[in-house]
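Engineer: One structure coming up, written as C-alpha cells, with questions to follow.
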Amino acid sequence: MSLTVRAYNVLFGDCILVSWDEDDGEHHAWIDFGNFHNDRNDVFDTVYTDVLQRTGGRLDLLVITHRHLDHLEGFHVLRQHFRQNFTIDRLWHAFVTPAVDNQFQIAQEALAGVLPASATAGDGELARIFRNNFGAAGVSTAQRMDDILKTLRYNKAHPVHRQTALAPIRPAAMQRLQIEILAPESDSHVYLEPLVNALADRAALDEYFEMAQRGAGAGRGRAGAAQGRASAIGRSRTGTRRRAEGTRPGSGDDPFPLPHGTAASKSALLRLADFARLRRQLRTGGLDLLGAVDRTRNNTSIVLALTYQGKRLLFAGDAEQKSWEIMHANGTNLAATVVKVGHHGSINASPDWCFAKVLPKRLSANAAIISTDPTRFTGENPVPNAHVLTGWRGRLTAQTRLLRTDTKAVGKYVEVRVVP
C-alpha cells in the first residue's frame with residue numbers, strides 16, 4: 001500500500017495527480033490543470049496522455065481549486081477529450097459567496113474603464129494577471145468554468161468550502177484515504193476587503209480626474225458610474241460605509257495630496273505641468289485594483305489535507321496570506337509530511353510561521369513540491385521567492401526533497417511516494 005503524488009511541469013500553472021491504493025486496487029484524484037493564457041497549450045496534450053495512461057480514464061475526484069486560468073485552462077481546452085475518455089465520480093470546485101463573486105464582474109468592468117487596451121493585450125505582468133483572472137480569447141474564466149461543468153462526465157459536482165459536510169459528497173471508493181477541506185470559508189466576504197478598498201480608492205481618484213477636466217458641477221460621466229459601483233460594495237458586513245463615497249484623495253498617506261474642495265482641487269491639478277503624464281501613469285497603473293482582485297480570488301482557493309495510513313499531505317492551492325491567517329485563527333491542523341507549496345512559491349503565500357506549522361519535525365520523509373516557472377515574475381518580487389525556498393528547505397533533511405516542476409522537461413513531472 002502506498003500513495004504517489006505527481007506534479008507536472010505545465011509551465012506557469014498547477015497540475016497534480018494523486019494515486020493511492022485501496023483494497024480493490026489503485027485510485028486517483030486530479031487537482032488542477034492549467035497555465036497562463038500565453039503558455040504553450042501542447043503541454044496539455046502531453047500531460048493528458050500520461051494521466052490517461054496512468055489512470056485508465058477513471059478518476060475518483062477532480063478538484064479545481066479556484067477560477068484562474070493557471071488552474072483550469074487544461075480542463076477547458078481538452079474538455080471534449082475528457083468527456084470521451086474520462087469518467088469522474090466527484091468534481092469539486094471552490095465555493096464563492098454569490099454576492100462576492102459578483103464583485104469580480106464589477107472589478108472587471110472598472111478595470112476595463114481604467115486600463116487602455118494595450119495594457120491588457122500585451123505580454124507584460126499586468127496583462128498576464130488580467131487575463132488569468134478574467135479570461136482570454138473572448139471567453140471569461142466564469143464561462144470557462146461553466147463549459148467544464150457542462151461538458152465533463154461526472155456523477156456529481158459540488159462547490160465546496162471548509163464547512164461543507166463531506167460525508168454526502170465524498171468519492172464512494174475513497175476508504176483508506178481520508179480527506180479534509182481546510183479552506184475557503186463559507187462566507188467569502190472575509191476575503192473581499194482588499195477588493196472593496198481598491199475599488200473605492202480607484203473610483204474616488206477617477207472622480208477627481210473628471211472634475212479637473214470638466215470643471216465643478218459637470219456631469220460625473222464614467223467616473224460617476226464607477227463611483228456608484230464602488231458605493232454599492234463599499235460597505236462592511238455590518239453596513240458601515242467604506243471609502244467609496246465622499247473619500248478625499250490627499251488624506252492620510254496619499255502620495256498626491258490635494259487641497260480640500262472641488263474648485264481648489266481643479267486648480268491644483270491643472271497647475272501641475274505634468275498632469276497628463278501623472279494621469280496616464282495612474283490610469284495605466286491599474287495593478288493596485290488588479291492585485292486586489294487576484295488576491296481575493298486566490299484566497300478563495302480550496303486547501304486540502306489528505307491522510308493516508310497515518311501520513312498527512314497538504315495541498316495549499318494558491319491560498320495567500322489572508323487565507324493562511326484565517327486557517328491559523330481557526331486552530332486548523334496544518335501539520336503534514338508532504339506539502340504542495342502555495343501560489344507557485346510566491347512570498348504572499350508562505351507566511352514565516354507556516355514552515356514549522358506545516359512541517360513541525362525535520363523528518364527524512366518530509367517533502368515540499370513547488371509548481372513554478374521562474375521566468376514569469378522577476379524583479380523586486382520574483383516567483384519563486386528565495387525566502388520561501390529557504391524556509392521550506394529548512395524543514396527538510398535533504399535538499400532533493402524540495403521538488404520543483406521547472407527542473408523537469410515541459411510535460412514531465414516530479415514525484416513523491418508516500419509509504420506508511
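The values are calculated or read from the model by the stated rules, or taken from the named source; none is laboratory data. Note that the coordinates shown come from a computational prediction; the quantities given were computed from them, not determined experimentally. All Cβ positions, glycine included, derive from the backbone under ideal geometry; neighbour counts span all protein chains shown. Quick note on the areas: whole protein, heavy atoms, side chains included, nothing else; ligands and nucleic acids left out. Shrake-Rupley method; radii C 1.70, N 1.55, O 1.52, S 1.80 Å.
Engineer: Of GLN53, GLN108, which residue is touching a helix residue (DSSP H, G or I) at 6+ places or on another chain (Cβ under 8 Å) and open to solvent by 20 Å² or more (accessible area, probe 1.4 Å)?
Structural biologist: Of GLN53, GLN108, the one residue that is touching a helix residue (DSSP H, G or I) at 6+ places or on another chain (Cβ under 8 Å) and open to solvent by 20 Å² or more (accessible area, probe 1.4 Å) is GLN108.
Engineer: I'm trying to understand the selection: among the residues of segment 51-96, which are assigned to a helix (DSSP H, G or I), closer than 19 Å to GLU22 by Cβ and of a type outside the set (D, E, K, R)?
Structural biologist: Passing the criteria: VAL51, THR55.
Engineer: Among (1) among the hydrophobic types (A, V, I, L, M, F, W, C); (2) at pLDDT below 95; (3) more than 19 Å from SER140 (Cβ to Cβ), where does PHE36 come up short?
Structural biologist: (3)
Engineer: Quick check on ASN330: is it among the polar types (S, T, N, Q) and more than 16 Å from the chain's Cα centre (by Cα)?
Structural biologist: Here the answer is yes, as ASN330 does meet what is asked.
Engineer: Does segment 356-374 contain any residue that is open to solvent by 50 Å² or more (accessible area, probe 1.4 Å) and within 25 Å of PRO194 (Cα to Cα)?
Structural biologist: Checked segment 356-374: no residue is open to solvent by 50 Å² or more (accessible area, probe 1.4 Å) and within 25 Å of PRO194 (Cα to Cα).
Engineer: Are there any pairs, at least 6 apart or on different chains, whose C-beta atoms fall under 6 Å, with the first in segment 147-159 and under 14 Å from ASP60 (Cα atoms) and the second of a type in the set (A, V, I, L, M, F, W, C), and if so, which?
Structural biologist: Taking only residues 6 or more apart or on different chains, the pairs are LEU152/PHE82; TYR154/ILE88; TYR154/LEU91; ALA157/LEU91; ALA157/LEU149; HIS158/TRP92; HIS158/ILE169.
Engineer: How many residues, within segment 12-45, are within 18 Å of HIS66 (Cα to Cα) and outside any strand (DSSP E or B)?
Structural biologist: Of the residues in segment 12-45, 7 are within 18 Å of HIS66 (Cα to Cα) and outside any strand (DSSP E or B).
Engineer: A further question follows. Looking at segment 113-146 only, could you name the residues that are of a type in the set (Asp, Glu) and open to solvent by less than 30 Å² (accessible area, probe 1.4 Å)?
Structural biologist: none
Engineer: Same structure again: Would it be correct to say that THR378 is of a type outside the set (Gly, Ala, Ser), assigned to a loop (DSSP other than H, G, I, E, B) and open to solvent by less than 10 Å² (accessible area, probe 1.4 Å)?
Structural biologist: Considered against the rule, which asks whether it is of a type outside the set (Gly, Ala, Ser), assigned to a loop (DSSP other than H, G, I, E, B) and open to solvent by less than 10 Å² (accessible area, probe 1.4 Å), THR378 comes out as no.
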